[in-house]
């Protein structure tokens, strides 16, 4: 089973890139973030025409998350449990593998936080606290759980191109990394880092200052697997191919393969 995560930074702008990537890579589930479109605008037929099903929750201009899957998903939830939030940042559903196993997949676009002294950072902390509660419940209910998305946090200095420059700043602060560690303490593991111990591997590069050409990036797009799923994972990688296209997203896909 192949699961991928990609912040497309406007599905309207990058629909052709997404459908091409699906055709070329054939994931079982592609989790998208930052759709930046309403539910009424979602291009269901474009995905249906290449053999994929869609589940989504969107809003105008900002946020929005979706599942694009090779077979229908079930037990859909589109609101972060026990959190009153109009922002469309959370979607979860079950995928039944060819072997009949049920995998719970949670797809998130986590708040940016803007700066450590802002109201938006207060929101980010509370949002993550509720996500931690939800993941604890999900893993107890179904040990085969995978949490993916744009977390807007680098797990460590190795995930930042210039730790000194970014020290104490949003995405790379100690408090954010502690928040991520608490989330993972529910029984989640950084799947990419399990296979790759080297630095200079990122999933996001700023459009400004030729960030991609200089490889001045951050690894903030993660696939976090439960212990049960870590026992079944075969590989995890970052696919930089879409970042090299004309008018790319500033993020690129992260992909994991499991034997289920």
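Stretch residue 71-residue 102 to full length: gain in nm at 0.36 nm per residue minus the Cα-Cα span?
Gain in length upon complete extension: 9.9 nm.
Using Cα-Cα distances under 8 Å and only pairs 6 or more residues apart, what relative contact order does the chain have, in percent?
Relative contact order comes out at 19 percent.
Helix-derived [θ] at 222 nm for the chain: sum -39500 (n - 2.57) over DSSP H runs of at least 4, divide by residue count, nearest 500?
Mean residue ellipticity, 222 nm, calculated: -7500 deg cm²/dmol.
Neighbour counts of other C-beta atoms within 10 Å: give me 229, 1 arranged from fewest to most.
By the 10 Å Cβ count, ascending: 1, 229.
Where a ≥ b ≥ c are the square roots of the eigenvalues of the C-alpha gyration tensor, would you call the range 1-100 rounded, which needs a/c under 1.5, or, failing that, prolate if a/b is larger than b/c, or oblate?
oblate
Treat each spin label as a single point 7 Å out from the Cα along the C-beta direction, and report the residue 116 to residue 85 distance in nm.
It works out to 2.2 nm between the two label points.
Based on the alpha-carbon gyration tensor of the range 155-253 and its eigenvalue square roots a ≥ b ≥ c, which shape applies: rounded if a/c is under 1.5, prolate if not and a/b is larger than b/c, or oblate?
The shape class here is oblate.
For the range 114-169 and the range 207-260, compute the distance between their C-alpha centroids and round to whole Å.
Each part reduced to its Cα centre gives a spacing of 16 Å.
Quick check on the range 52-123: what are the equivalent-ellipsoid semi-axes from the Cα gyration tensor, as sqrt(5λ), descending, whole Å?
The three semi-axes for the range 52-123 are 28, 13, 10 Å.
Using only C-alpha atoms and all pairs of different ones, pull out the Kirkwood radius for the chain in Å with one decimal.
Computed over the chain, the radius equals 18.2 Å.
What is the distance, in nm, between label points placed 7 Å from the Cα along the Cα-to-Cβ direction at residue 215 and at residue 165?
Going from the residue 215 label point to the residue 165 one covers 1.4 nm.
At 0.36 nm per residue, and after removing the present C-alpha to C-alpha distance, how many nm does the segment from residue 227 to residue 130 gain when stretched out fully?
Answer, rounded to one decimal: 32.8 nm.
Grab the Cα-Cα distance for residue 241 and residue 94, subtract it from 0.36 nm times how many residues apart they are, and report the gain in nm with one decimal.
50.1 nm
Please rank 212, 123, fewest neighbouring Cβ atoms within 10 Å first, as an exposure proxy.
So the residues, fewest neighbours to most, are 123, 212.
Residues of the range 47-89 with amide nitrogen under 17 Å from the 7 Å Cα-to-Cβ point of residue 123?
Residues 58-65, 79-81, 83-89 qualify, since their backbone N sits under 17 Å from the label point.
Averaging sequence separations of C-alpha pairs under 8 Å and six or more residues apart, then dividing by the length of the range 1-104, give the relative contact order as a whole percent.
22
Here, each number is a calculation from the coordinates, and none is a lab measurement. What you see is a predicted model; the values in this text were computed from it and never measured. As a convention, Cβ positions derive from the backbone with ideal geometry for all residues, glycine included, and neighbour counts pool all protein chains shown.
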